[in-house]
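One structure below.
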Amino acid sequence: MVQSIDGDTMQACVNRENESIELTHTLVDSMTNAELAFTIAHEVAHYVNDDKRRLERKGEEYTKMLVDGISENNAKLKERGHGFLYRAICNTSLAAIGMAGGYLTLRQEGQKYESEADELALQYMQEAGYDAHAAISALRKLHGGELLDFGLWNSLILSVTSTHPLPRDREEGIKKKLRED
């Protein structure tokens, strides 16, 4: 089920609670049918792949690995005779570094899922008879009409901290997939 919801921004998401895809009125009003088909197909791909749960599982795996690593580190430090304060400082530092690494790792995993959803959306569009090239104009509309140049430093930061690939990278991925098909 697809629902149009209130909102001043152009957004789309899967709502697992009521098994629907939600699109803001602003998004619906600004896109052609083919562009909406891409946007909806992208969200359907997230639903089909169960991306939210996949990311949660990755986070759980990473958290377990981090906790196990800190416990092992604590035991080794204790075995070597280091006191509580030294172990606390070492393990807190290890936890902070591990949490930052986990955050970045999950962001990269999420970007991978976004690219997979784009590829599946193109496939769904073509199977439904839509022109898959509309995916490019849909992305441009989602990003304010153009693919912004964030500059080298900001692009570097965004490329590792964002939940989605950079707009230019995403467009290039779609164009590459369209050339392959």
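The values are calculated or read from the model by the stated rules, or taken from the named source; none is laboratory data. Remember, it's a predicted structure, so these values are computed and weren't measured experimentally. Positions of Cβ are backbone-derived with ideal geometry, glycine not excepted, and every protein chain shown enters the neighbour counts.
Annotations for the structure displayed:
- Whichever residue in segment 1-15 is in contact with a helix residue (DSSP H, G or I) (Cβ under 7 Å, 6 or more places away or on another chain) and not β-branched (Val, Ile, Thr) and, among such residues, is nearest to Arg140 (Cα to Cα): Met10
- Pick from segment 22-70, criterion surrounded by fewer than 14 Cβ atoms within 10 Å (Cβ to Cβ) and touching a helix residue (DSSP H, G or I) at 6+ places or on another chain (Cβ under 8 Å), ranking: nearest to Leu139 (Cα to Cα): Val48
- Residues of segment 123-154 satisfying the condition of being at pLDDT below 85 and either of a type in the set (A, V, I, L, M, F, W, C) or exposed (fewer than 15 other Cβ atoms within 10 Å of the Cβ) (or both): Gly144, Gly145, Glu146, Leu147, Leu148, Asp149, Phe150, Gly151, Leu152, Trp153, Asn154
- Residue within segment 88-96 that is under 23 Å from the mean Cα position of the chain (by Cα), exposed (fewer than 15 other Cβ atoms within 10 Å of the Cβ) and small (Gly, Ala, Ser) present: yes
- Scanning segment 28-56 for residues that are without any contact (Cβ under 8 Å) to a residue 12 or more places away in the chain and either part of a helix (DSSP H, G or I) or in contact with a Leu (Cβ under 9 Å, 6 or more places away or on another chain) (or both) returns Asp29, Arg53, Glu56.
- Among the residues making up segment 84-100, those that are in contact with a Leu (Cβ under 9 Å, 6 or more places away or on another chain) and of a type in the set (Gly, Ala, Ser) are Ala95, Gly98.
- Residues satisfying the stated conditions in segment 90-127, i.e. among the hydrophobic types (A, V, I, L, M, F, W, C) and under 19 Å from Asn49 (Cα atoms): Leu106, Ala117, Leu120, Ala121, Leu122, Met125
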